[in-house]
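None of the figures in this text is laboratory data; all of them are computed from the coordinates on show. None of the values given here were measured: they were computed from a predicted structure. Here the Cβ is made from the backbone with ideal geometry for all residues, glycine too, and neighbour counts use every protein chain on show.
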Amino acid sequence: MNGADGGDLFTDVFWKGPKDASRVLVISSGTHGAEGFCGSAVQSQFVASGLTLPDDLAIMLVHAINPFGFSHLRRVNEENVDLNRNFIDFDTELPVNEAYRDLNHLLNPVEMTPEKLDASLAEIMRLQSTMDFLTFFKAVSGGQHEFPAGVQFGGLEPQWSRKTIERIWDVYLSKAEIVVQIDVHTGLGPSGVGVLMMAANPDEPHKAITADWFGTMMVSPRPARQEDNAFGGYMNAGMEQCLADTWVIPMTLEYGTEPPEVVLRAMIEDNWLCHHGEIDSERGRAIKERLMRVFYPDSKVWESQVLARAEEVFAQALAGLAELSVASKETT
Ligand SMILES: [Zn+2]
């Protein structure tokens, strides 16, 4: 596995603070490869800000969780797997996304003319109008394990990037008492706005604690049954399972870029290009440019909004974590 320039690929770890710190703030980038440009920028800004850390607190940055996708401008990895659908238990029966089956021919076409793409998107939008938001989102984005060349393919086994990040967690974080994790993504929501998202039930202490730190967040309750799980296989859930003895507060910082139909169009085009098209062609390069720009808009205003929001969120997380102890888990 090599980068687009033929070179080696790496997932890098930056650590600042005591090696045995009981509290660690983790910021990760590039879980969805092509979204890594934004994640990398906010990580670089954070390092350059010359932080001073309170005692017994460390910072860990993980750069390029999916280095193949980052280098080759793909949201997915070298096996067309969406890593944020890959953190499931592969020893049990794979989840089935029945609704995706009806959409696969639209999302994963073999032939793709501009007219056909327009027609596919119009049909997807028509279907969306017949479903409630969660049903539609689950169908398109919930992940699937049946169509290896389709979109949101969760894979048939744990991927290289999953095994790598699990090893990183094990080596660096297994002694930590509290880990605040922020995984940086782009492509969903209003342009330039960075929304913090988290899975937590109302009675979980980190729901109230993070509300104090950050104000408004998007918190979704954990599904009570597997069938209710709209988005299985998230890396953050994998971290909670991997660090079972650690209090993990897992969040996603998601920045909006373009309207959802524009992002979806770029993802369909890129998926087609990688399976049926010619990447090294005029059309291929145009598709790659569009994919890059739906995850990192060519806009100084967008960039400055994103950096300012990251500075705010990371400062809030650091200040909050500096005051947090395991005892607050029981008393909240
Ligand atoms: Zn993402």
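Answer rounded, prolate or oblate for region 176-332, using the Cα gyration tensor with square roots of eigenvalues a ≥ b ≥ c: rounded when a/c is under 1.5, else prolate when a/b is larger than b/c, else oblate. The shape class here is prolate. Each part reduced to its alpha carbon centroid, region 308-332 and region 277-299 end up 38 Å apart. Please state the shape class of region 16-146: rounded when a/c is under 1.5, otherwise prolate if a/b exceeds b/c and oblate if not, all from the C-alpha gyration tensor. The shape class here is prolate. Take the Cα of V110, go 7 Å toward its beta carbon, and the backbone nitrogen atoms of region 140-161 under 18 Å from that spot belong to 147-151. Summary value for the chain: 23 percent relative contact order, contacts being C-alpha pairs under 8 angstrom separated by 6+ residues. By the rule of a C-alpha distance below 14 Å, with chain neighbours fewer than 8 residues away ignored, the aspartates and glutamates paired with K138 are E98, D102, E227, D228. The largest-to-smallest principal axis extents of the Cα set in the chain are 59, 43, 36 Å. Bridging of K288 to lysines at a Cα separation below 24 Å is possible for K116, K300, once same-chain residues fewer than 8 apart are set aside.
Extension gain, E157 to D118: 0.36 nm times the residue separation minus the Cα-Cα distance gives 10.6 nm. Between S129 and D245, the modelled label-to-label distance comes to 5.7 nm, taking each label 7 Å out from Cα in the direction of the beta carbon.
What residues of region 38-63 lie in the reach of a label at F10, counting those whose backbone N is under 12 Å from a point 7 Å from the Cα along Cα→Cβ? Only 63 fall inside the zone, counting backbone N under 12 Å.
When the chain is treated as a GNM with alpha-carbon contacts under 10 Å, the residue of V151, V13, V26 showing the greatest mean-square fluctuation is V13.
Full extension of the chain between F37 and S328 yields a length gain of 101.2 nm, computed as 0.36 nm times the residue separation minus the alpha carbon distance.
Quick one: grab the alpha carbon gyration tensor of region 39-89, order the square roots of its eigenvalues as a ≥ b ≥ c, and give me rounded if a/c is under 1.5, else prolate or oblate depending on whether a/b is larger than b/c. It comes out oblate by the Cα gyration axes.
Helix 160-173 and the longest principal axis of the C-alpha atoms of the chain enclose an angle of approximately 10°. In this structure, I279 and S174 have a Cβ-Cβ separation that, at R0 = 41 Å, corresponds to a calculated FRET efficiency of about 0.55.
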